[in-house]
Every structure is written in structure tokens, then in C-alpha cells.
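The values are calculated or read from the model by the stated rules, or taken from the named source; none is laboratory data. The structure presented is a predicted model; accordingly, all values stated were derived computationally and were not measured. Note: ideal-geometry Cβ built from the backbone for every residue, glycine included; neighbour counts use all protein chains shown.
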Amino acid sequence: MGTMDNARLIWDKLCAAGLTPAGAAGLLGNLHAESGLNPRNLQNSYENKLGMSDQEYTAAVDSGAYGSFSTDGAGYGLAQWTYGSRKAALLAYVKARGRSVGDLDTQAGYLLQELQSLFPAVLRLLRATVSVREASDCVLLQFERPANQSAANCARRAALGQEFYDKFAGGKNMNYLMTAAAFCAKLKDIADNRKTAYMLGPWGWPATDKMITRATTQGSNAKTNRQWLPQANAIKDEGFLFDCVGLIKGILWGWDGDMRRTYGGAGYACNGVPDYDAKKMIDCCREVSTDFSDIVPGEAVWMDGHIGVYMGEGLVVEATPKWRGGVQWSTCLNVAAKQVPGTAGSRRWTKHGKLPWVDCAAKETEKEDDEMFTYEQWKEYMDRYRRELSPDHDQCWAENELAAAVAAGITDGKRPHDFVTREEAAIMALRSKG
């Protein structure tokens, strides 16, 4: 895999572990500075000292031919682990899983375990911060602790982190998952065409016996979810279960309404989208504001404990137990003066922001419907087209053949330059056979 492929795998793993986009980016920038995101990277100065390349060193450690991994003082792997106790723990971790010491996914798992067990303060900050620079400095000064802790090196590593943030969390080089138009179209389809019920936790789970039981018997939300059992049972085997932030996550995780699949076709904490609650989801948004005069379709709207998506024209799609229950249309009173007819209810939201995976700036291509002719317009254009063709056909280019066809009873010879219908073509074909 290339550097960016490695970065994406690590990014997804960090976000799934609860790091904010800024926290993940700050950590990634430091890892890139340490190893170039190469999990087999042996500290350059030790390649000559030990007479081994990255690959040779990794293979020797894996096979047991080299037994000084934890005591040789050589930096190794994503984080360039150097201290004996940390390298010994890394080796024990990968051996317990039957993997190579240079395996990327396993090293990322060990990195998270190490943060949790040895550097809990660093992990807490990475799960809370909205600043790439704060995250980067914390990792550099408290986790990596390189010899060069100068202001210039702090700035350089933060800049690397910012590049990853822009790439994965919303910036000029962001690879967006979808446009706002596509995001809103999916929400509209769910609100208009799918049977849904509200339960805490699900992100589009099919309302089967298995998944309803899971939602009401497992996890911290089980007791609360039991109050909505009647609504869930009412759509059993026909609909889907969502909570408010699960509606957003489910779509971004690939939900496609497949009743046969565990999560309706969605994955979990994939596509670079973490498993965030409503508060973390709005915190990771860009251009967050309490001024709703500039809100655009596809933005998240948030209030304490709840989140939805603005659809334009004062409308929101949200998953809520209120009103009709489930995924439904509501009125955004920050934009509309009163409840829009046909919506389930109305509320005033606290703030809004652009989700980092949804491109709100993309312009829709002109819709085909806007370019379609009416029937009268079509007839006018066709008449004009036929008139334009007629000068080129004053003389029949197949007079002899046409005369023979008339003589054989295949055609009456009328309208020789006109279009032929399928019925006429079929009749003439049958007549020609005799």
C-alpha cells in the first residue's frame, strides 16, 4: 500500500476509536514525521549499524533469527518505538495475534492500546480537541518526545497534520463521500418512502425480530428503547430503525435500504466517518454558526441532544420519537416564520454546520426535466426538421426500388420521405416475405 492508503487505514481506525478529526490528524502528522507511515520502517541510522534493510530487519524479528528487537535501541514502526519496554510490549502484542511485527493494522491497534494504558491524558485530549495544532503538539511533546522539540519542529508536524485534516476531514483537497444534493436525496427517500421507527443506537437497522430484540435488550439504551417497541413492531420486517445521528451516520456508512443485511447495507465507522454522538458530530463540522441566514441544504442542524439535516426552504429531515415518530420532515423555525404545511412539527435549532464528508459547495448539473420539451414543442421542432430535409429529397434517390415495392404490394408509395412507424415497418417486412 502507498502512503495515502496507509493514512486512510490509520485514520479510519483512529476515528473509530473516538478520536476527533483534529485529534486523528495531529497524531497522523506525527506518525508521518516519524516513519513516513511505513510500519516496517527501521531507524535510518540503524540500517548501516545492523546491516539490515527495513524488510530484512522485519523478517529477522518475525522469524526469531534476530533476538535483540527490544534491547537494540533502534526506532521501529509507525511511531518509531525505541524504548525497550515499549518495543517488548509491541512484539508481545503482535505475536499474540499471530501477525508480523511490521503489520500496519496490528501496529495501529497497539498504538491505541498504548495510548489507553500508558498515555490516557493524551488520548483524552485527542478525543476532545478541535485543534490540529493542539493535538499535534500534545503528541509530539507527551507521546513521541523526540530530541527536537523546537517551535519550528512543532509547526512542521502540525502542518503535516493539517494536510491530513484537509484530505480526510474537509478542506480544499478533501475527497468527499457525496454531494449535498445526493445526501439530501437519500434523506428525502427515507422520509418519503421508507417505514421507520425511532430507537437509540441504530443507524438504519432492519426492523426484524433479531434487531428489535438487540436494540431493546443489549447495551445502555435497551431500557429506554423499550418504550418505542409498539412503533418498531408496527413496521416489523417492513421498515428500519434510526436515531437522530444514526440517520446521518447510516447514510455516510453506505446504507442502501437492504432488509437482508444486518445494518440495512451500511457498514460501521467506515469511509472515514467515526461513530460520533450528536454533539461530536456538530463539533467536527466546518463553518459552525448560530446565524441561520446563510444555511444551505445538506448542513447539520443541532440542538442539545439532537441533530438533523437541513433540506432547504425551511425544511429539515430528522429522526425523532416526537410527532409521528421515526424519520420525518419538520420545519426549521430559524428559517421559516411558522410551521410549513405537511411537516410533522417544528422546532428552533441552536446552530448549524457543514459535515466534513458532504460537499455543500458542489453545483448540481442542470436537471434533465428543465430541458425537456412539451409535446407541442416537440411537434413544432419535428415539423421544422422535416421541412428542412425536404429540399434535399425533391428527387427520390430510390425511384426504381420504390416503384418495385409498390408493384409488389409492399407499400403504397405515399410519403416516401417521411418517418416510418414500427407497425408500418413490421407490415412491410411481412409483405416482403410474400
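Points worth noting:
- Of everything in the range 241-278 that is closer than 23 Å to residue 194 by Cα and charged (D, E, K, R), the residue that is surrounded by the fewest Cβ atoms within 10 Å (Cβ to Cβ) is 260.
- Any hit, the range 350-366, residues being in the same structural domain as residue 202 (by TED's automatic domain parsing), polar (S, T, N, Q) and more than 30 Å from residue 166 (Cβ to Cβ): no
- Residue count, the range 46-64 (criterion: within 24 Å of residue 98 (Cβ to Cβ) and surrounded by 13 or more Cβ atoms within 10 Å (Cβ to Cβ)): 9
- Scanning the range 16-36 for residues that are out of contact with any Ser or Thr (no Cβ under 7 Å at 6 or more places or on another chain) and either among the acidic types (Asp, Glu) or surrounded by 24 or more Cβ atoms within 10 Å (Cβ to Cβ) (or both) yields 19, 21, 24, 25, 27, 28, 31, 34.
- Near pairs, Cβ below 9 angstrom, 6+ apart or cross-chain, from the range 277-303 (on the phi > 0 side of the Ramachandran plot) to any residue that is basic (Lys, Arg): 287/354; 298/354
- Filter result for residue 198 (in contact (Cβ under 8 Å) with a residue 12 or more places away in the chain and either over 18 Å from the mean Cα position of the chain (by Cα) or more than 30 Å from residue 312 (Cα to Cα) (or both)): yes
- Yes/no for residue 94 being touching a helix residue (DSSP H, G or I) at 6+ places or on another chain (Cβ under 8 Å), in the same structural domain as residue 38 (by TED's automatic domain parsing), part of a helix (DSSP H, G or I) and in contact (Cβ under 8 Å) with a residue 24 or more places away in the chain: no
- Enumeration of residues in the range 1-46 that are farther than 21 Å from residue 67 by Cβ, polar (S, T, N, Q) and not in a helix (DSSP H, G or I): 20, 38
- In the range 140-161, the residues that are of a type in the set (Phe, Trp, Tyr) reach residues that are part of a loop (DSSP other than H, G, I, E, B) with C-beta atoms within less than 6 angstrom, at least six apart or across chains, in these pairs: 143/119.
- Checking 129, 179 one by one, the residue that is hydroxyl-bearing (Ser, Thr, Tyr), touching a strand residue (DSSP E or B) at 6+ places or on another chain (Cβ under 7 Å) and under 25 Å from residue 4 (Cβ atoms) is 179 and no other.
- Any hit, the range 104-111, residues being assigned by TED's automatic domain parsing to the domain that holds residue 139, surrounded by fewer than 18 Cβ atoms within 10 Å (Cβ to Cβ), out of contact with any Cys (no Cβ under 8 Å at 6 or more places or on another chain) and not in a helix (DSSP H, G or I): no
- Near pairs, Cβ below 9 angstrom, 6+ apart or cross-chain, from the range 403-419 (assigned to a loop (DSSP other than H, G, I, E, B)) to any residue that is of a type in the set (Lys, Arg): 408/431; 409/431; 410/431; 411/431; 417/386; 418/386; 419/386
- Any hit, the range 257-268, residues being within 26 Å of residue 132 (Cα to Cα) and hydrophobic (A, V, I, L, M, F, W, C): no
- Candidate set from the range 158-180 (those that are within 14 Å of residue 358 (Cβ to Cβ) and either among the charged types (D, E, K, R) or assigned to a helix (DSSP H, G or I) (or both)); member that is modelled with the highest pLDDT: 180
Let's see how each residue does on (1) in contact with a Cys (Cβ under 8 Å, 6 or more places away or on another chain); (2) at pLDDT 80 or above; (3) of a type in the set (Gly, Ala, Ser):
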position	(1), (2), (3)
341	no, yes, no
344	no, yes, yes
354	yes, yes, no
358	no, yes, no
373	no, no, no
395	no, no, no
407	no, yes, yes
413	no, no, yes
419	no, no, no
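- Members of the range 304-326 found to be among the acidic types (Asp, Glu), part of a loop (DSSP other than H, G, I, E, B) and either buried (at least 23 other Cβ atoms within 10 Å of the Cβ) or touching a residue at least 40 places away in the same chain (Cβ under 8 Å) (or both), listed by number: 304
- Selection within the range 47-82 - in a helix (DSSP H, G or I), over 14 Å from residue 94 (Cβ atoms) and small (Gly, Ala, Ser): 60
- Residues being surrounded by fewer than 22 Cβ atoms within 10 Å (Cβ to Cβ) and either in a strand (DSSP E or B) or at positive phi (or both) - total across the range 327-344: 2
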